[in-house]
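The values are calculated or read from the model by the stated rules, or taken from the named source; none is laboratory data. This is a predicted model, so every value here is computed, not measured. Here the Cβ positions follow ideal geometry from the backbone for every residue, glycine too, while neighbour counts run over all protein chains shown.
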Amino acid sequence: MEKILDKKQIDDWIAALTDWDVHTPVLEDGIWTYQPVNSAVRGAVRLDHPNTNQSPKGFAFPQREIFFSFEQIKGEPPRLTQILPKEQRHAVFGVRPCDGRGVPRMDKVFTDHVEDPYYNARRKNVAYVGLACNKPPSPNCFCLSVGGSPVSTDGLDVQMTDMGDRYFVKAITETGKALMSVAGSFFAEPAAADQKQVKQVHAEAVAYPQRKINDPDGAPAKLKASFNSPLWEEMARACIGCGICTFLCPTCHCFDINDEVQSKAPLKGQRVRTWDNCQFPDFTMHSSGHNPRENTGARLRQRVNHKFQYFHENFGMHQCTGCGRCISGCPVGIDIVTVVNKVTEHAG
């Protein structure tokens, strides 16, 4: 299904999605985040964002979620109450192709590799309405180097392409068709000139210069050969272990599980899953006190190798989607493109 939508009617389309909680990028205090569309936002929806500062992975894999609550009353068996995600559908507008490509990579981990009931309960209720990149939204974009494209449809239910005063809108999945059918009266059929223009826009987008990883196909083997390279410690020297690189990433999925005690008499609490971070010093700390990744070099190596070696060995694809957030957000200037290029160039 391919249609044309006048930009002035994007709000009408969103308003027609009454069975969905719609989220769009909103600029607030200089930061682009996904926010629910409410009466205050409707009429001012903007899809001209560079990219959101944080990826949309949190809709299926929230930063904090409760598995179950527990209660222990003296003399009685412990009470466990499972807390499952609410059955609420979310339509996320303005998802860039790099973030769309993050969706099947998260699915690989939480659906194909293992079946995570919490992730899957949310995932089935999230629809991603993508926005193709006519040009890189960040100077640190490198999606082409990791097999992606500024016009990729991977992981998306709908792809929108900016064509000046209108969008070329294409349904990718059955869910995408349903989203568009709800507001059918607002869409027009594309003319031959529209089809020609969107092909030209996409061709120019792919041709637009980007950052480049020099040998992405050879990276897995070269990184494996460079496991003990002194370059890791050298390039991680500035790292302060803040973890912003992985928290902003659309594919990082490490988590921790903790029991949060709310009261002790009677004992009440919750078992909670939260995002964890391989750049934190205690991420691999053993109960013995031994830490196999005791320095920042080993932790940087883990993050880079997970993206370009381990995930590739397990699933046949790079985990990184080239969004460049980890580069743009790093407070000390550590650059994953530079790191991969430097290590692979010195492999052997």
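Brief remarks on what is shown
- Picking from residues in the range 104-152 that are without any contact (Cβ under 8 Å) to a residue 60 or more places away in the chain and hydrophobic (A, V, I, L, M, F, W, C), the one that is surrounded by the most Cβ atoms within 10 Å (Cβ to Cβ) is 129.
Condition check ((1) outside the structural domain of residue 38 (by TED's automatic domain parsing); (2) assigned to a strand (DSSP E or B); (3) of a type in the set (Phe, Trp, Tyr)) across all residues:
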residue	(1), (2), (3)
85	no, no, no
91	no, yes, no
94	no, yes, no
101	no, no, no
106	no, no, no
112	no, no, no
115	no, no, no
118	no, no, yes
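- Looking only at residues of the range 289-343 that are crowded, with 22+ Cβ neighbours inside 10 Å and more than 29 Å from residue 133 (Cα to Cα), we find that the one that is farthest from the chain's Cα centre (by Cα) is 343.
- Near pairs, Cβ below 7 angstrom, 6+ apart or cross-chain, from the range 285-301 (assigned to a helix (DSSP H, G or I)) to any residue that is of a type in the set (Asp, Glu): 297/233
- Some residue of the range 156-177 being buried (at least 19 other Cβ atoms within 10 Å of the Cβ), of a type in the set (D, E, K, R), within 16 Å of the chain's Cα centre (by Cα) and more than 24 Å from residue 255 (Cα to Cα): yes
- Of the residues making up the range 147-190, not one is part of a helix (DSSP H, G or I), touching a Phe, Trp or Tyr at 6+ places or on another chain (Cβ under 7 Å) and of a type in the set (Asp, Glu).
- Restricting 236, 265 to those that are in contact (Cβ under 8 Å) with a residue 12 or more places away in the chain and either in contact with a Leu (Cβ under 7 Å, 6 or more places away or on another chain) or not assigned by TED's automatic domain parsing to the domain that holds residue 322 (or both) reduces the list to 236.
- Test: residue in the range 66-88 that is under 30 Å from residue 324 (Cβ atoms), surrounded by 17 or more Cβ atoms within 10 Å (Cβ to Cβ) and more than 15 Å from the chain's Cα centre (by Cα): no
- Output for the range 255-278, where each listed residue is of a type in the set (Ser, Thr, Tyr) and at pLDDT below 95: 263
- Of 318, 306, all but one fail to be touching a Pro at 6+ places or on another chain (Cβ under 8 Å) and either under 21 Å from residue 114 (Cβ atoms) or not in a helix (DSSP H, G or I) (or both); the exception is 318.
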